[in-house]
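Here the structure is laid out as structure tokens; the discussion comes afterwards.
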Amino acid sequence: AEPDFTPYRRRYLAQQQALDAAVGPLRARLRARLAARSPAMARLASVHVVMEQVLAPRERSFLAAVPGLLEKHFERLRPADSAAPDPAEAPGPPGPWLDAFHNDVRNVLLAVLDFRFQPVGGLLDALRMRQPKECHE
């Protein structure tokens, strides 16, 4: 039987929820560590909170579109591989298109992970900065 996109959608959404559950608390912990460093760093952590609040709706909207795009890609790949099957042949494995789709999903997930961790990277960079003896506030 030809594979259906539904299990892929469920798995993708589950991975996104797991990532949400991990990234939010990580950002909060890093902001708390940053805020404990100095008043200037506390202000930076506060700006980070505001930026997250402002950008979160756009981020959610952007990420909510990904499963639909993956489904369209799934449907585009599927008929390209299974065009004009030989009726005398017994149905076999779905074919190399499914391997290509799995690879594409993996690449999308890595890109989403990179996208989600950019703010974390910024917080880590701020934490790694050497603070001058006299901080201009």
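Could you go through segment 38-48 in sequence order and give the Karplus-derived ³J(HN,Hα) for each residue, using 6.51 cos²θ - 1.76 cosθ + 1.60 with θ = phi - 60°, rounded to whole Hz, and x for Gly and Pro?
Residue by residue, segment 38-48 yields 6, x, 5, 6, 5, 5, 4, 4, 5, 4, 4 Hz.
If you rank 41, 129 by how much accessible surface each has, with a 1.4 Å probe, what is the order from largest down?
Details: 41 20, 129 105 Å².
If we order 41, 129 from most to least accessible, we get 129, 41.
Apply the a/c threshold of 1.5 to the C-alpha gyration tensor of segment 1-78 and tell me whether it is rounded, prolate or oblate.
prolate
Roughly speaking, what is the stretch gain from residue 69 to residue 36, that is 0.36 nm per residue apart minus the C-alpha to C-alpha distance, in nm to one decimal?
7.7 nm
The values are calculated or read from the model by the stated rules, or taken from the named source; none is laboratory data. Since the model is a prediction, treat every value here as computed from it, not as a measurement. Accessible surface is based on the protein model in full, side chains and every heavy atom, while ligands, DNA and RNA are left aside. Shrake-Rupley method; radii C 1.70, N 1.55, O 1.52, S 1.80 Å.
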